[in-house]
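The structure appears below as structure tokens.
The values are calculated or read from the model by the stated rules, or taken from the named source; none is laboratory data. Note that the structure is a prediction, hence the values are computed from the model and not measured. Every residue, glycine as well, gets a Cβ built from its backbone with ideal geometry; the counts of neighbours run over all protein chains shown.
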Amino acid sequence: MSEDPLWPRAQQWLAARDAASADSPVDLAVIGVPAHLTSISPTSADLTPAAIRAALSRYSTYSWTHDVDVAHVRAVDFGDVQEPDYELGEARVAELVESINARVLVALGGDNSITFSVCNAMWAERIGTAGLITLDAHHDLRDGISNGSPVRRLIEAGLAGDRVVQIGIADFSNSPQYAARARELGITVIPRSALRNRPIADVMAEALDIAGGAGGQVHVDLDVDVCDRAEVPGCPAAAPGGIGADELRQFAFLAGRDDRVASMDITEIDAGADAADGRTVRLGALCVLEAAAGLALR
């Protein structure tokens, strides 16, 4: 790629962890959690954290819409968790997360199982006052341990069901049994159909008030298969009719903007299954930048 000193690339903004930054506070911490072994369907989502980092080279650090340059946000890449699947992998996630002092943590998946390991590490003893917002076509309330079970596992670990909001739940992508489970647990569901007639900002404000309560810590799960399949061919579980890439970017910005959001994840992108133009991975990279733009305006 050509280089222009007046057009700095976002990849250069995301600094690698070094001895000087290891223990000092940062604005935005990025970690890779390349979990994929417990996925319901085979995936090479373990390739995605590196692919998203590389895709940042496609973008600058400036948001015209918000007139903010995220170059002023101190962002540090703390690297990948090695072998993050299963119980031992979850312990490794916790070990890395506990070593980071950041205003916002962004975890790059990996499949959706990382929502459990990252939240469990972030909340520790505070899970009873925490909240979760998912942008997802699926409830993720399955039995067992997989990328289809993180929400159920978090609730079993102490997360209150009435502090969980699921945005973008899709028709014909869930069973009546799991829909009933969501109702029984008190989860607030804002389905894909409801987003057709509501402003994104209003939806996110409602979700943050429910999940965040009076200042509670919130995690936002951006499961990219909430998007229309034509826009995210690298998400095997995405269906036609999901939300648009621009809508997901708005949600990422609004999450970064709110003081109650302490952590986010970007999951379910299979970099090995993406289109030749890399559109799904590039969307993941843009979600990182949108979250950083929101954080810059807190």
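Here is a list of conditions, (1) in a helix (DSSP H, G or I); (2) of a type outside the set (Val, Ile, Thr); (3) over 25 Å from ASP258 (Cβ atoms), and ALA35 meets all of them except one; can you say which number that is?
(1)
Among the residues of the range 38-56, which ones are outside any helix (DSSP H, G or I) and either touching a residue at least 12 places away in the same chain (Cβ under 8 Å) or under 18 Å from the mean Cα position of the chain (by Cα) (or both)?
Within the range 38-56, THR38, SER39, ILE40, SER41, THR43, SER44 qualify.
For residues that are part of a loop (DSSP other than H, G, I, E, B) and either among the aromatic types (Phe, Trp, Tyr) or under 20 Å from ALA107 (Cα atoms) (or both), tally how many sit in the range 217-235.
The total comes to 4.
Among ARG126, ARG152, which is the only one that is within 27 Å of ARG192 (Cβ to Cβ) and either modelled with pLDDT under 95 or buried (at least 20 other Cβ atoms within 10 Å of the Cβ) (or both)?
ARG152
Could you please give the count of residues in the range 180-205 that are in contact with a Leu (Cβ under 9 Å, 6 or more places away or on another chain), part of a helix (DSSP H, G or I) and surrounded by 15 or more Cβ atoms within 10 Å (Cβ to Cβ)?
The total comes to 5.
Return the residues of the range 166-179 that are touching a helix residue (DSSP H, G or I) at 6+ places or on another chain (Cβ under 8 Å) and either outside any loop (DSSP other than H, G, I, E, B) or surrounded by 17 or more Cβ atoms within 10 Å (Cβ to Cβ) (or both); say none if nothing qualifies.
Hits for the range 166-179 are GLN166, ILE167, GLY168, ILE169, ALA170.
With the requirement that a residue be in contact with a Lys or Arg (Cβ under 7 Å, 6 or more places away or on another chain) and assigned to a helix (DSSP H, G or I), what does the range 236-272 give you?
Correct list: ARG257 only.
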